[in-house]
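The values are calculated or read from the model by the stated rules, or taken from the named source; none is laboratory data. Note that this is a predicted model, so its numbers are computed, not measured. So basically every Cβ, Gly included, is an ideal-geometry build from the backbone, and we count neighbours across all protein chains shown. The area values use the complete protein model at the heavy-atom level, side chains included, leaving out ligands, DNA and RNA. Shrake-Rupley method; radii C 1.70, N 1.55, O 1.52, S 1.80 Å.
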Amino acid sequence: MPTNTTNPPPLQPGQTYHIYNRGVNREPIFREQDNYRYFLDLYTHHVGDIVDTYAYCLLGNHFHFLIRVKEPSGLTTPKDLTSADQPGLPLNPSQRFSNLFNAYARAFNKRNNRTGALFQRPFGRIPVTTDGYFTHLLVYIHQNPQKHGLVEEYRDWTYSSYNALVGESPTRLAHADVLEYLGGPAGFEMAHREDMTSLEDESGL
């Protein structure tokens, strides 16, 4: 995993990122099914309105998200905006993610009679600046449970975006954007035929 700096660059509007983190000392951050669902609920509450989410995967001791921070013009609700000194800019997206992780850690610690930090700090963020890396990440994230031996077939993992993206049910994911980017359902499936379970990513996870 890349060495985290004390003050990594803040998340910027209009930029696509690979967001990731894991538990301190590689400890579990999801122990029960309710943990996964609660984390996703908090994700929607804290950052769902300021990012487009293309893909995600939650695993036992780490997670991955492929997201784009929305431009100011895409924000419509009052809580999305900063004070008068920065009118129209998203409320510090890096802080929004930190608020998400802190809220989850407090609830997780309380439920498990635990104290101290839950996640490594600061959370990982890698800008996605090429089409090739976007496609690589999308597939890598979905195949991550198989890579780590949690399932024999990554499509069977419940807590990833794969099945929501191949399905037709309503979803908060940027479903149409992903399919358009990959050339429709056939392109999506073709991209996932590449086996990335033996590859390493910049995140190291």
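Okay, residues lined up against (1) at pLDDT 95 or above; (2) under 26 Å from Ala105 (Cα atoms):
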| site | (1), (2) |
| --- | --- |
| Val128 | yes, no |
| Thr135 | yes, no |
| Ile141 | yes, yes |
| Gly167 | no, no |
| Thr171 | no, yes |
| Met190 | yes, no |
| Ser203 | no, yes |
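Inclusion of Pro90 among residues that are within 16 Å of Thr53 (Cβ to Cβ), at pLDDT below 95 and touching a helix residue (DSSP H, G or I) at 6+ places or on another chain (Cβ under 7 Å) is warranted.
Taken over region 106-125, residues that are within 17 Å of the chain's Cα centre (by Cα) and either of a type in the set (S, T, N, Q) or surrounded by fewer than 18 Cβ atoms within 10 Å (Cβ to Cβ) (or both) amount to 3.
Of all the listed residues (Phe30, Phe39, Phe63), the sole one being surrounded by 18 or more Cβ atoms within 10 Å (Cβ to Cβ) and either in a loop (DSSP other than H, G, I, E, B) or modelled with pLDDT under 95 (or both) is Phe30. Pairs meeting the criteria (first residue in region 179-205 and open to solvent by 90 Å² or more (accessible area, probe 1.4 Å), second residue modelled with pLDDT of 95 or more and among the basic types (Lys, Arg), beta carbons under 9 Å, at least 6 apart or on different chains) are Ser198/Lys147.
Would you check if there is a residue in region 160-171 being surrounded by fewer than 15 Cβ atoms within 10 Å (Cβ to Cβ), polar (S, T, N, Q) and closer than 11 Å to Cys57 by Cβ? The answer is no; no qualifying residue exists.
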